[in-house]
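Worksheet for the structure shown next.
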Amino acid sequence: MDETRLTGRILTPAGWVTGTLRCTAQIIAVEPGPAPDDRFIVPGFVDLHVHGGHGADCMEGADSVRHMAGFHAHHGTTSLLATTVTAPADDLRRAMSGIAEAMRAPGPGARVLGAHSEGPFISPDALGAQPPFAIPPDLPLLEQLAAAVPIRVATYAPEVDPDGTLLAAFRQLGVRAQIGHTTCDFAQARTALAGGAAGFTHLYNAMSGLHHRRAGAVGAALALAGSAELILDFQHVDEGAARTALRAVPRLHCVSDAVAAAGMPDGEYRLGAHQIFKQGETVRLANGSLAGSVLTMDRALRNLLSLGLPLAEAARRCSTLPAEYLGLADRGTLVPGAAADAVVLDGRGRLLGVMLEGAELRLSDRT
């Protein structure tokens, strides 16, 4: 492909470099030189928890996965994990097959790196907006799903796996197990982390909370976790909770947890087996519980900026840290040899451009 050049202040592992980013599908070089000082080039966002967007739900097959990946690319997400919800086994098999097909034959959107399996091995008492199909550990089912598509991340509740057999199976399959949708106590979460659990799913939400005599999963995350997700839409967490998490969890990264309603008008949509309702900036079940979000990663970055984080740190929590969490050296960083995935921002974090594997997207087509 032809060479592409972006000029501005480029965020590299060593800091900001004013100059030119030269790319084909991969980055060729970062060359210092004259460039606008009001254009900031940061690594493309990496979203490890996204159910849908622009009317499409990951549970509905390859076309839906490709459509939602296209939507999120126009908001700066260049790589993502298509995220399934708790569902009957046959529905999960179909969903994983659809994600695999979208990986084999991608559309012009964000690259689907694999799946995040949110459930089904979670607590029926901490479903949040998950459909009511939680089941005990089923290793043959897990193996079938993992054979269909690379499961990079899985959310599970430690209390349904008291002997650690499920956690060991996740580790053997190369799956990063995250604690979530759980009623576990502090000790159970600590044991899971010691056994290899890698982090926490949407910290604070759908998990046992922090009380000074019952620290719960939230307490374990704040005291012990190296990594965790945060849905920074100021609906799932408020400013104080976000600041606490940013101070306590060193490698906290943002996720969207976006659902089909993201980018759409107010109305009724689907989240797996659930009917959900979008009104303004929230999506809820009929009972009023939050049901995913309408967040996009460019907005998550701006919300980090609103908390006073420098742009470099905000970008790191939306791109570099989630890429490193998956063990990826070619995503979330602007270095020679890495995928030419980049986002161009103004000084307020507003999106000016997106480059996906060296191809610049037309933001005039943005939805």
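Which of the numbered conditions does Ala300 fail, given that it passes all the others? Conditions: (1) touching a helix residue (DSSP H, G or I) at 6+ places or on another chain (Cβ under 7 Å); (2) of a type outside the set (Phe, Trp, Tyr); (3) surrounded by fewer than 15 Cβ atoms within 10 Å (Cβ to Cβ).
Of everything listed in (1) touching a helix residue (DSSP H, G or I) at 6+ places or on another chain (Cβ under 7 Å); (2) of a type outside the set (Phe, Trp, Tyr); (3) surrounded by fewer than 15 Cβ atoms within 10 Å (Cβ to Cβ), Ala300 misses just condition (3).
Among the residues of segment 138-159, write down those that are open to solvent by less than 50 Å² (accessible area, probe 1.4 Å), in contact with a strand residue (DSSP E or B) (Cβ under 9 Å, 6 or more places away or on another chain) and not in a strand (DSSP E or B).
Within segment 138-159, Leu142, Leu145, Ala146, Ala148, Val149, Ala157, Pro158, Glu159 meet the criteria.
This table checks each residue for (1) open to solvent by less than 10 Å² (accessible area, probe 1.4 Å); (2) over 27 Å from the mean Cα position of the chain (by Cα); (3) touching a residue at least 60 places away in the same chain (Cβ under 8 Å).
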| residue | (1), (2), (3) |
| --- | --- |
| Arg9 | no, no, no |
| Thr12 | no, no, yes |
| Val17 | no, yes, no |
| Arg22 | no, yes, no |
| Ala25 | no, no, yes |
| Ala29 | no, yes, yes |
| Pro32 | no, yes, no |
| Arg39 | no, no, yes |
| Gly44 | yes, no, yes |
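Out of Gly308, Gly337, report the one residue that is closer than 20 Å to Arg5 by Cα, open to solvent by 10 Å² or more (accessible area, probe 1.4 Å) and either without any contact (Cβ under 8 Å) to a residue 40 or more places away in the chain or not in a strand (DSSP E or B) (or both).
Gly337
If His72 satisfies every condition in (1) closer than 23 Å to Tyr325 by Cα; (2) open to solvent by 10 Å² or more (accessible area, probe 1.4 Å); (3) not hydrophobic (A, V, I, L, M, F, W, C) but one, which is the exception?
(2)
Go through (1) open to solvent by less than 30 Å² (accessible area, probe 1.4 Å); (2) of a type in the set (A, V, I, L, M, F, W, C); (3) closer than 30 Å to Leu139 by Cβ one by one and return the number of the condition Leu193 breaks.
(1)
Quick one: which of Gly114, Gly109 is touching a Lys or Arg at 6+ places or on another chain (Cβ under 8 Å), open to solvent by less than 10 Å² (accessible area, probe 1.4 Å), over 24 Å from Arg362 (Cα atoms) and not polar (S, T, N, Q)?
Gly114
Can you tell me which residues in segment 272-291 are open to solvent by 10 Å² or more (accessible area, probe 1.4 Å) and either of a type in the set (Lys, Arg) or under 15 Å from Gly52 (Cα atoms) (or both)?
Passing the criteria: Gly272, Ala273, His274, Gln275, Phe277, Lys278, Thr282, Arg284.
Consider Leu295 against the criteria (1) out of contact with any Asp or Glu (no Cβ under 6 Å at 6 or more places or on another chain); (2) assigned to a loop (DSSP other than H, G, I, E, B); (3) not polar (S, T, N, Q): it satisfies all of them except one. Which criterion is unmet?
It is condition (1) that Leu295 fails.
Residues of segment 90-106 being surrounded by fewer than 15 Cβ atoms within 10 Å (Cβ to Cβ) and either under 16 Å from Leu139 (Cα atoms) or at pLDDT below 95 (or both), which ones?
Asp90
In segment 5-18, which residues are farther than 12 Å from Val344 by Cβ and β-branched (Val, Ile, Thr)?
Within segment 5-18, Thr12, Val17, Thr18 meet the criteria.
The values are calculated or read from the model by the stated rules, or taken from the named source; none is laboratory data. Just so it is clear, the structure is predicted and the values come from calculations on it, not from any experiment. Cβ atoms come from the backbone with ideal geometry, glycine included; neighbour counts cover every protein chain shown. Note: accessible area is taken over every heavy atom of the protein model, side chains too, but ligands, DNA and RNA are not part of it. Shrake-Rupley method; radii C 1.70, N 1.55, O 1.52, S 1.80 Å.
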